[in-house]
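A quick write-up on the structure given underneath.
The values are calculated or read from the model by the stated rules, or taken from the named source; none is laboratory data. Note that the structure is a prediction, hence the values are computed from the model and not measured. Glycine also receives a Cβ, built like all others from the backbone with ideal geometry; neighbour counts cover every protein chain displayed.
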């Protein structure tokens, strides 16, 4: 997707975004805990959530870690960041900017260097992943960590076939992202985590109709409706059960750190 189309997609989805991502009560705490664990976050860290959207995960991480410095919620969509509230919750600071803006130093930030950054399911929106990740890595303090959370090269979601095929055509390979972090001078490691999802079928069909994944915005209304009918036939069960598997690519700048 073009960057303008991506921004438009999220602008339109902002008011309903959290509803689409809260699959169940345990999902956000589980993912936020995995992020905090992978980054070895401490209360003393200067942290940024790059591509934070509504701050859904940053809010939970702040509750778990109790950071002494506010977590920067960085996103190019003002509509998404407005969902943080006015004023935003204690421990979170919204920053209207893209990953590229941060990587290239185009935005003044409260912190010159960061101890931890994460990008959750946003690296595929970056036009030049290698260059942008290198720029973000340059913002890390000694011992600083950068985490890219992304879906693997293929997924087992109960989507219609054309969507699954297009996903595989567009999704970056996590191993390539690991290589970008190494090229940026970080010590990098790739691992996977998995969480079982149980979602009411009608709710999930509604999420697909609302294009909860940016991938789905590449399909027309008629294609989405056709795909939903395909899903109804393939999945008559009232509750969909499927694995949500994520690649965690962690890079660490050499030097002191946790």
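Return yes or no: is residue 78 surrounded by fewer than 23 Cβ atoms within 10 Å (Cβ to Cβ), closer than 18 Å to residue 31 by Cα and at pLDDT below 95?
For residue 78, the condition - surrounded by fewer than 23 Cβ atoms within 10 Å (Cβ to Cβ), closer than 18 Å to residue 31 by Cα and at pLDDT below 95 - is not met.
Output the residue which, of all residues in the range 129-179 that are in a loop (DSSP other than H, G, I, E, B) and free of Cβ contacts under 8 Å to residues at least 24 places away in the same chain, is farthest from residue 236 (Cα to Cα).
173
Looking at the range 85-97, can you tell me whether even one residue there is surrounded by fewer than 18 Cβ atoms within 10 Å (Cβ to Cβ), under 20 Å from the mean Cα position of the chain (by Cα), assigned to a helix (DSSP H, G or I) and modelled with pLDDT of 95 or more?
Among the residues of the range 85-97, not one is surrounded by fewer than 18 Cβ atoms within 10 Å (Cβ to Cβ), under 20 Å from the mean Cα position of the chain (by Cα), assigned to a helix (DSSP H, G or I) and modelled with pLDDT of 95 or more, which makes the answer no.
Quick one: would you say residue 248 is out of contact with any strand residue (DSSP E or B) (no Cβ under 6 Å at 6 or more places or on another chain), under 20 Å from residue 121 (Cα atoms), surrounded by 18 or more Cβ atoms within 10 Å (Cβ to Cβ) and modelled with pLDDT of 95 or more?
So residue 248 fails the test.
Please state which one of 88, 70, 94, 110 is in contact with a helix residue (DSSP H, G or I) (Cβ under 6 Å, 6 or more places away or on another chain) and over 22 Å from residue 252 (Cβ atoms).
Criteria check complete, one pass: 94.
I'd like to know if the range 4-27 contains one or more residues that are at pLDDT 90 or above, more than 23 Å from residue 171 (Cβ to Cβ) and in a helix (DSSP H, G or I).
No, the range 4-27 has no match at all.
Filter the range 205-257 for residues that are in contact (Cβ under 8 Å) with a residue 12 or more places away in the chain, out of contact with any helix residue (DSSP H, G or I) (no Cβ under 9 Å at 6 or more places or on another chain) and part of a loop (DSSP other than H, G, I, E, B) and give the result.
254, 255, 256, 257, listed by residue number.
Does any residue of the range 183-191 turn out to be surrounded by 12 or more Cβ atoms within 10 Å (Cβ to Cβ), at pLDDT below 95 and within 22 Å of residue 27 (Cα to Cα)?
no
Run residue 40 past the list (1) surrounded by fewer than 19 Cβ atoms within 10 Å (Cβ to Cβ); (2) closer than 21 Å to residue 184 by Cα; (3) at pLDDT 95 or above; (4) out of contact with any strand residue (DSSP E or B) (no Cβ under 8 Å at 6 or more places or on another chain) and report the number of the one that doesn't hold.
Here residue 40 clears every test but (4).
Among the residues of the range 98-121, are any over 21 Å from residue 143 (Cβ atoms), surrounded by fewer than 21 Cβ atoms within 10 Å (Cβ to Cβ) and touching a strand residue (DSSP E or B) at 6+ places or on another chain (Cβ under 7 Å)?
Yes, there is a match, as at least one residue in the range 98-121 is over 21 Å from residue 143 (Cβ atoms), surrounded by fewer than 21 Cβ atoms within 10 Å (Cβ to Cβ) and touching a strand residue (DSSP E or B) at 6+ places or on another chain (Cβ under 7 Å).
Report yes if residue 154 is touching a helix residue (DSSP H, G or I) at 6+ places or on another chain (Cβ under 6 Å), within 14 Å of residue 245 (Cα to Cα) and surrounded by fewer than 14 Cβ atoms within 10 Å (Cβ to Cβ), otherwise no.
Judged against the criteria, residue 154 is a match.
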